[in-house]
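Trainee: Got a structure for you, written out below as structure tokens; questions coming shortly.
The values are calculated or read from the model by the stated rules, or taken from the named source; none is laboratory data. Source: prediction; values computed, not measured. Reconstructed Cβ throughout: ideal geometry from the backbone, glycine too, with neighbour counts over all protein chains shown. Surface areas here come from the heavy atoms of the whole protein model, side chains and all, with no ligands, DNA or RNA. Shrake-Rupley method; radii C 1.70, N 1.55, O 1.52, S 1.80 Å.
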Amino acid sequence: MSEYHEPANELSSEARDYSRALKSLKEEIEAIDWYHQRVVTCSDESLRKILEHNRDEEIEHACMAIEWLRKNMPGWDEQLRLFLFKETMEHNSHDEEESTDLGIGKIK
């Protein structure tokens, strides 16, 4: 069964690469969650250190995928620059004027 939502033969090589990167990022995020749950529940100190190392490796992999997406897929660079490494999370006010009201209220 295909992992694409559209016919694979209709997707460009570039679109398939984006899908690969996004799928890999999802898998890395999931692995981070699994390892973190194991870290916080592990009673053996030496095993906990191994699990922490494994979790941190998955964080590195996720960051590498995000960086590839930032450099290659439209929209990522702009949004990452807008939201990362800020002291507070603020909604970009210029988007309010250009966006359509979807009936879900303002992002706070």
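Trainee: Would you kindly calculate the translational diffusion coefficient of the stretch 20-94, applying Stokes-Einstein with the Kirkwood radius from alpha carbon pairs, for 37 °C and a viscosity of 0.692 mPa s, and quote it in µm² s⁻¹ without decimals?
Mentor: 232 µm²/s
Trainee: For the stretch 1-54, which GluC sites (Glu not before Pro) pass both filters: DSSP loop (anything but H, G, I, E, B) and at most 10 other C-beta atoms within 10 Å?
Mentor: Within the stretch 1-54, the qualifying GluC sites (Glu not before Pro) (loop, at most 10 other Cβ atoms within 10 Å) are GLU3.
Trainee: What are the chymotrypsin sites (Phe, Trp or Tyr not before Pro) within the stretch 1-48 that DSSP puts in a loop, where the Cβ has at most 13 other Cβ atoms within 10 Å?
Mentor: TYR4
Trainee: Obtain the nm distance between the two label points defined at GLU3 and LYS26 by a simple spin-label model: each point lies 7 Å from its Cα along the Cα-to-C-beta direction.
Mentor: A separation of 0.8 nm, rounded to one decimal place.
Trainee: Order the following by accessible area, largest value first: MET73, MET89, MET64. Probe radius 1.4 Å; ligands, DNA and RNA are ignored.
Mentor: My answer, sorted largest first, is MET89, MET64, MET73.
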